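Okay, structure first, notes after.
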Amino acid sequence: MSEIITELGYDSKSLWQPKGFVPSPYPETTWPAFEGLELKKLTKIEGEDLSVLQDGVKKPMVEGAFRHFYNEKIEKLAHMWVLISRSIAGGMWMGWPNDDYDFPALVLAWEESKKRLHVIIDIMPLADCVEYEWYREKYLDGIEPTYNKFKDLIGPPSTYRWFRAQQGPYMIFDGPSGQRERALECETEYIKHWVDMVKQAEPIKDEEYKQYVNKRKRLMMSQLRQRDPLGSVLLRTLGPELGKLCSIGYT
């Protein structure tokens, strides 16, 4: 039996039916865009067992599901779909290359309530795009037509300086509450671009550059783990043990 995962195992409505709030079909719309990556289930990372999250979580303040994947090029690709306080649906995809590759990180977030929607949509570079202009040209500029199509979704920037410093030149952030279908389409198009990059990626050959990329990647992961406000929400709603495990799973 193949260990390659072809089914996500749930959809936007299978986990809950909150009265008066029907969340957007985030899991079932985005998942098919990862087709062709031959993803395998990631059960352990940094010595931690992720299966307790993958079995599903049901707490007084949060209910949801988590998935973690990898392949020969991807160190971890994490998905989360939760309902917080029975009023906010939270979705996420976050993907990182393993240490042999330098393609950008995929950073997608979806926070939806009855009244508003907040998104983060980015392909986050692992190299400085001024010092390594070829990196932007190779990995990022191909998303520009999609960015131009959806850039009207951009709202006020993040208030976190450290996060703005990590962002790529084609970041879409916040504000599209009245355009949920277009925001979901945008996230799916960014996934498709990232998937194409992963498929075409070749191992890093320059050892000095490889060390630079991996040092930067680990620093970015560390900053997200320590500073991302999502982390504090997860700690508060899931509890310290599961909240910490969830942060390890996506950063």
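What is the one condition in (1) under 19 Å from Ile123 (Cβ atoms); (2) touching a Gly at 6+ places or on another chain (Cβ under 8 Å); (3) crowded, with 19+ Cβ neighbours inside 10 Å; (4) of a type in the set (A, V, I, L, M, F, W, C) that Cys186 does not satisfy?
Of everything listed in (1) under 19 Å from Ile123 (Cβ atoms); (2) touching a Gly at 6+ places or on another chain (Cβ under 8 Å); (3) crowded, with 19+ Cβ neighbours inside 10 Å; (4) of a type in the set (A, V, I, L, M, F, W, C), Cys186 misses just condition (2).
Is there a residue being in a loop (DSSP other than H, G, I, E, B), under 17 Å from Asn148 (Cα atoms), touching a strand residue (DSSP E or B) at 6+ places or on another chain (Cβ under 7 Å) and charged (D, E, K, R) anywhere in region 183-192?
The answer is no; no qualifying residue exists.
Output the helices (runs of 4 or more DSSP H) that fall wholly within region 205-250 and possess 2 or more residues being basic (Lys, Arg), or say none.
Filter on region 205-250 gives 207-227.
If I ask for residues that are of a type in the set (Phe, Trp, Tyr), touching a helix residue (DSSP H, G or I) at 6+ places or on another chain (Cβ under 9 Å), over 21 Å from Gly91 (Cα atoms) and assigned to a helix (DSSP H, G or I), which ones from region 115-160 would you list?
Tyr139
Any idea which of (1) within 17 Å of the chain's Cα centre (by Cα); (2) within 15 Å of Leu224 (Cβ to Cβ) is the one Leu117 doesn't satisfy?
Tallying (1) within 17 Å of the chain's Cα centre (by Cα); (2) within 15 Å of Leu224 (Cβ to Cβ), Leu117 fails exactly one: (2).
Kindly indicate the residue of region 126-166 that is in contact with an Asp or Glu (Cβ under 6 Å, 6 or more places away or on another chain) and modelled with pLDDT of 95 or more and also surrounded by the fewest Cβ atoms within 10 Å (Cβ to Cβ) among those meeting that condition.
For region 126-166, the residue satisfying everything is Thr146.
The values are calculated or read from the model by the stated rules, or taken from the named source; none is laboratory data. Keep in mind it's a predicted model, so treat the numbers as computed, not measured. Note that each Cβ is placed from the backbone with ideal geometry, even for glycine, and that neighbours are counted across all protein chains shown.
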